[in-house]
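The values are calculated or read from the model by the stated rules, or taken from the named source; none is laboratory data. Computed from a predicted structure; not experimentally measured. Neighbour counts run over all protein chains shown; Cβ positions are idealised from the backbone, glycine included.
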2 protein chains.
Amino acid sequence: MGPGPGAMHPRVAAVLGTPLIGHLDPVMGALMDSTRELLKPLFGTRSSMTLTISATGGGGREAVLTNLIEPGDRVVVEVRGYFGGRLAECAKRLGADLRIVEGEWGAPPPIQGLVDAIESHRPAVVAVVHAETSTGAIVRPEELKSLADAAHGAGAVIAADCVTSVGSVPLRTDAWGLDAAFGCSQKGLACPPGLAPITLSDRALAKVRARRTPPPSVYFDLTLLEQYWGPSRVYHHTASSTLALALHTALEVIHEEGIEARWARLEKVAKRLVDGCAALGLPHLVARPHRMPMVTPVRLPEGLDEAPIRRALLLEDGIEIGAGLGPLAGKIWRIGLMGDSARDENVDALLTALERRLPRR
Amino acid sequence: MGPGPGAMHPRVAAVLGTPLIGHLDPVMGALMDSTRELLKPLFGTRSSMTLTISATGGGGREAVLTNLIEPGDRVVVEVRGYFGGRLAECAKRLGADLRIVEGEWGAPPPIQGLVDAIESHRPAVVAVVHAETSTGAIVRPEELKSLADAAHGAGAVIAADCVTSVGSVPLRTDAWGLDAAFGCSQKGLACPPGLAPITLSDRALAKVRARRTPPPSVYFDLTLLEQYWGPSRVYHHTASSTLALALHTALEVIHEEGIEARWARLEKVAKRLVDGCAALGLPHLVARPHRMPMVTPVRLPEGLDEAPIRRALLLEDGIEIGAGLGPLAGKIWRIGLMGDSARDENVDALLTALERRLPRR
């Protein structure tokens with residue numbers, strides 16, 4: 001119940017020991033094609049440039065930015081938490097002419113500030129975090145849409161970190177106008193870490209194809225990966241059939257439940273958690289419209305020595321929760337409801353343990 | 001029995017379904033520390049900068065080169081096959097002033113040509129492929145040692161692609177003077193793909209620390225990864241406990257058998273394969289001193305329509321072997337003896353199937 005990984009679904013665990021399949025085996029090709037189709041609705045896209053990167057979510061970020069950003073490109077990045085900071089750091093390393101729009105950790109996204117920055121900086125790329133794992137604050141659909149409109153108005157593409165959102169909350173990249181999104185396998189998808197699903201719009205792909213120089217990375221080169229994921233199956237790297245089969249199984253489980261039913265179930269479990277925490281004197285950090293169900297950041301009582309409690313939860317109760325990061329260290333806990341961990345009985349077990357371990361008020 | 005992946009060891013398959021552990025869990029930390037110690041003897045190193053990259057072997061290559069090469073650095077790369085070509089492509093993308101020393105695919109490495117190039121080009125980095133998977137030709141220890149001496153004489157560091165060698169044949173980076181080496185999990189280590197073990201010498205690490213600019217990649221940034229693998233466990237990415245546990249188990253299996261015993265066993269199985277193929281009219285491509293046991297490249301009879309035979313082996317006999325690549329396409333097959341696939345009974349099954357499927361001479 002930390003901010004990721006969540007627990008695997010038991011059916012995912014059951015397929016992991018399947019004998020390896022070669023990365024160029026026709027069975028592997030069929031698995032990849034099917035995975036693409038199962039991923040599209042989770043991203044809310046019809047783009048055929050939807051595939052997985054053989055790396056964790058951070059590799060998905062890098063694949064998207066490394067291909068989209070050329071040295072000297074003007075880039076606008078929003079930073080209100082750790083992962084916004086990572087977007088900025090990646091962009092800087094890629095030689096971007098970077099404009100950072102900062103916001104308070106846990107506060108609503110500075111939409112007007114971002115729109116102003118887009119209009120004045122005239123970027124080629126805008127990058128935002130959909131669901132900021134370090135704070136538990138999410139950007140709302142209409143806000144993402146207005147950022148996408150502003151980006152497109154300036155001739156830019158817009159990329160979103162969806163590592164914590166994909167599979168857990170509505171994500172509609174086509175409808176909202178997001179040109180690139182990247183996720184991970186180990187949070188909302190209830191699969192082990194190791195794969196990063198990504199999707200690119202035609203506009204993003206056109207920018208990649210129009211590069212003056214190839215990206216500095218061969219491993220994350222999307223024009224090469226596109227050929228491996230296409231009918232010609234040109235060798236690029238040894239994709240792991242173990243992880244591919246696990247992700248495919250996880251996606252089957254999700255589609256059997258129904259994507260919308262899954263989102264609704266998660267909202268319900270999260271409400272139980274948020275209400276239970278509030279009753280224990282642990283109020284939510286984030287104002288209601290920007291809360292996300294899969295990470296609940298709770299404010300700790302003034303002066304609480306939180307680390308020993310977190311440690312006892314992990315080592316004695318077998319429950320992992322996350323610490324605060326950066327300016328929120330020592331001030332919040334982050335409780336995750338991800339993948340197969342998002343269950344009423346887990347919430348109840350945590351609340352019972354917290355009640356026992358928190359000092360009496 | 002292709003040129004990778006090999007089969008997993010059954011004990012590796014058995015641990016894959018273990019519930020996920022968080023990437024910052026103390027149990028994960030202990031697993032990482034132990035993995036490092038188990039990896040060192042396989043690389044033949046005492047360097048504590050030995051760890052795994054959360055990506056496939058290609059990600060290991062990129063981690064090593066992206067950290068070692070700065071834009072404008074002079075680099076000498078040896079190309080006698082597909083993976084030498086990848087080293088060159090990566091170096092080029094990183095802005096290297098590149099000198100490529102070419103050799104014939106499958107021929108012995110052009111050691112003198114490389115030494116001459118090192119002495120004239122005065123590189124900062126030399127990169128070679130230890131065991132070239134695309135041809136089945138290996139560089140011998142004394143040859144690697146002479147290249148390392150030449151590199152050090154020129155003030156360069158030398159990196160070796162050990163993707164196909166680590167775990168299958170002797171590898172002694174410290175004794176040979178190799179400053180960086182990268183491998184993969186799915187060949188000699190009998191584990192699923194998804195992790196790339198790497199090691200760096202103090203000399204290589206000093207070059208990384210002396211960089212004028214940070215590497216373009218955050219995901220592969222070794223100074224950040226070093227902190228995650230060190231006692232402070234600073235978060236860098238969500239390392240997969242599934243793959244970490246699989247690799248640790250695979251390494252335990254290897255150490256129980258004994259590294260030298262494993263190398264010797266592989267040599268014996270490979271002899272059975274090479275002799276059996278020769279008896280079927282499929283001679284080895286590579287002259288004896290540069291053969292490697294884990295990839296046997298066999299010359300095909302003139303005019304053989306090889307693809308249908310390979311396809312029937314895969315789809316009807318359940319045996320995967322590899323095609324020739326580049327100038328060797330249609331001219332050779334590549335038969336792998338990797339990980340748990342390297343068994344007498346597999347060799348015999350393949351030879352029997354080949355005898356049935358090859359046209360009568």
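Values as computed for the structure displayed
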{"quantity": "Candidates B:Asp174, B:Asp149, B:Asp161 - the one that is in contact (Cβ under 8 Å) with a residue 60 or more places away in the chain and surrounded by fewer than 24 Cβ atoms within 10 Å (Cβ to Cβ)", "calculated": "B:Asp174"}
{"quantity": "Test: B:Ala250 is among the small types (Gly, Ala, Ser), facing chain A (nearest Cβ under 10 Å) and over 27 Å from B:Gly153 (Cα atoms)", "calculated": "no"}
{"quantity": "Subset of region B:116-146 [small (Gly, Ala, Ser), buried (at least 22 other Cβ atoms within 10 Å of the Cβ) and not in a loop (DSSP other than H, G, I, E, B)]", "calculated": "B:Ala127, B:Ala131, B:Ala137"}
{"quantity": "So A:Gly106, is it surrounded by fewer than 23 Cβ atoms within 10 Å (Cβ to Cβ) and either free of Cβ contacts under 8 Å to residues at least 12 places away in the same chain or out of contact with any Lys or Arg (no Cβ under 7 Å at 6 or more places or on another chain) (or both)", "calculated": "no"}
{"quantity": "Residue match in region A:29-40 (condition: surrounded by fewer than 22 Cβ atoms within 10 Å (Cβ to Cβ), within 8 Å of chain B (Cβ to nearest Cβ), at negative phi and assigned to a helix (DSSP H, G or I))", "calculated": "no"}
{"quantity": "Count of region A:70-86 residues which are within 10 Å of another protein chain (Cβ to nearest Cβ) and closer than 16 Å to A:Ala181 by Cα", "calculated": "1"}
{"quantity": "Among the candidates A:Arg93, A:Arg99, residue that is outside the structural domain of A:Leu300 (by TED's automatic domain parsing) and free of Cβ contacts under 8 Å to residues at least 12 places away in the same chain", "calculated": "A:Arg93"}
{"quantity": "Filter pass, A:Gly60 being assigned to a loop (DSSP other than H, G, I, E, B), within 14 Å of chain B (Cβ to nearest Cβ) and crowded, with 20+ Cβ neighbours inside 10 Å", "calculated": "no"}
{"quantity": "B:Gly113 vs. criteria at negative phi and crowded, with 22+ Cβ neighbours inside 10 Å", "calculated": "no"}
{"quantity": "All positions within region B:56-70 that are more than 12 Å from the chain's Cα centre (by Cα) and among the β-branched types (Val, Ile, Thr)", "calculated": "B:Val64, B:Thr66, B:Ile69"}
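Here is a yes/no grid of residues against (1) at pLDDT 95 or above; (2) assigned by TED's automatic domain parsing to the domain that holds B:Pro110; (3) touching a His at 6+ places or on another chain (Cβ under 8 Å); (4) not hydrophobic (A, V, I, L, M, F, W, C):
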site	(1), (2), (3), (4)
B:Trp229	yes, yes, no, no
B:Thr249	yes, yes, yes, yes
B:Pro293	yes, no, no, yes
B:Arg299	yes, no, yes, yes
B:Arg311	yes, no, no, yes
B:Ile321	yes, no, no, no
B:Ala329	yes, no, no, no
B:Gly336	yes, no, no, yes
B:Gly339	no, no, yes, yes
